[in-house]
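Comments concern the structure below.
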Amino acid sequence: MSLLDIYLLDAPILREVTRPVAAVTDELRRLAADMFETMYAAKGIGLAAPQVGRRERLFVVDVEGAKHALINPEILIAEGAEVGEEGCLSIPDVYGDVERATRVVMRALDLEGKTVEIDAKDLLARCLQHELDHLNGKLFIDYLSLLKRRAAVAKYRKAHGEERPLTKKVVPGEAAAHHHRDEEL
Ligand code: K1U
Ligand code: ZN
């Protein structure tokens, strides 16, 4: 297995709509394994294919032990609404409040090519919606008010300098920046 580079806010691939997976192959299973390894090393709870420079409709999540690799996912049911804090491994150190459905039922293929349905609430439901958005070229900052989105992008640009790289290497064990709620946008 290997750690993959994570694509950052300025990378155009993050704004592309991904392509449905036609067949679940060993190559796709290897990609999912690398994505899990990368997600754990980056201390995330989810990671979508475009975040590692790939165009497949695939993401991985592990929220409180609910671990899934989901291919060609679709939402069958979305219920309720709650505002909650989100971050994104492609926009380090930027956080914001986003309204999402509190419960979603998602249908997808698993790594064996079997159809699965996941009935998710709370943080898992939020994470599934965030990851599905990645497959459609959408980022959590798109839900913020214009003012807060501008502040988020400005904060990111200030932190990452004039010549911002499009990718970053994940360093296992690297401490994530400490985040206080009062630093929120
Ligand atoms: O897709 C990603 O960029 C991963 C992202 C997933 C996510 C986090 C929070 C809400 C919805 C989706 C992360 O894992 S960001 C890092 C993280 O673990 C985290 C950040 C804020 C709140 C909770 C978790
Ligand atoms: Zn994200």
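Each reported figure results from applying straightforward, stated rules to the coordinates on display, with no laboratory input. Worth saying up front: this structure is predicted, and the values here are computed from it rather than measured. With ideal geometry, Cβ positions are generated from the backbone for all residues, glycine too; neighbour counts draw on all protein chains shown.
Of note:
This table checks each residue for (1) within 25 Å of M35 (Cβ to Cβ); (2) among the aliphatic types (A, V, I, L, M); (3) in contact with a strand residue (DSSP E or B) (Cβ under 7 Å, 6 or more places away or on another chain); (4) in a helix (DSSP H, G or I).
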site: C88; (1), (2), (3), (4): yes, no, no, no
site: V94; (1), (2), (3), (4): yes, yes, no, no
site: E99; (1), (2), (3), (4): no, no, yes, no
site: L111; (1), (2), (3), (4): yes, yes, yes, no
site: L124; (1), (2), (3), (4): yes, yes, yes, yes
site: L132; (1), (2), (3), (4): yes, yes, yes, yes
site: D142; (1), (2), (3), (4): yes, no, no, yes
site: R149; (1), (2), (3), (4): no, no, no, yes
site: P172; (1), (2), (3), (4): yes, no, no, no
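- Unique residue being over 14 Å from the mean Cα position of the chain (by Cα), under 20 Å from K168 (Cβ atoms) and in contact (Cβ under 8 Å) with a residue 12 or more places away in the chain when the list is A66, A48, A11, A42: A11
- R100 vs. criteria away from ligand 2 (no atom under 15 Å from the Cβ) and either in contact with a Pro (Cβ under 6 Å, 6 or more places away or on another chain) or of a type outside the set (G, A, S) (or both): no
- From the options P50, P73, residue that is in contact with a helix residue (DSSP H, G or I) (Cβ under 7 Å, 6 or more places away or on another chain) and assigned to a strand (DSSP E or B): P73
- Residue ID - farthest from ligand 1 (Cβ to nearest atom), chosen from residues in the stretch 87-109 that are crowded, with 21+ Cβ neighbours inside 10 Å and within 13 Å of the chain's Cα centre (by Cα): I91
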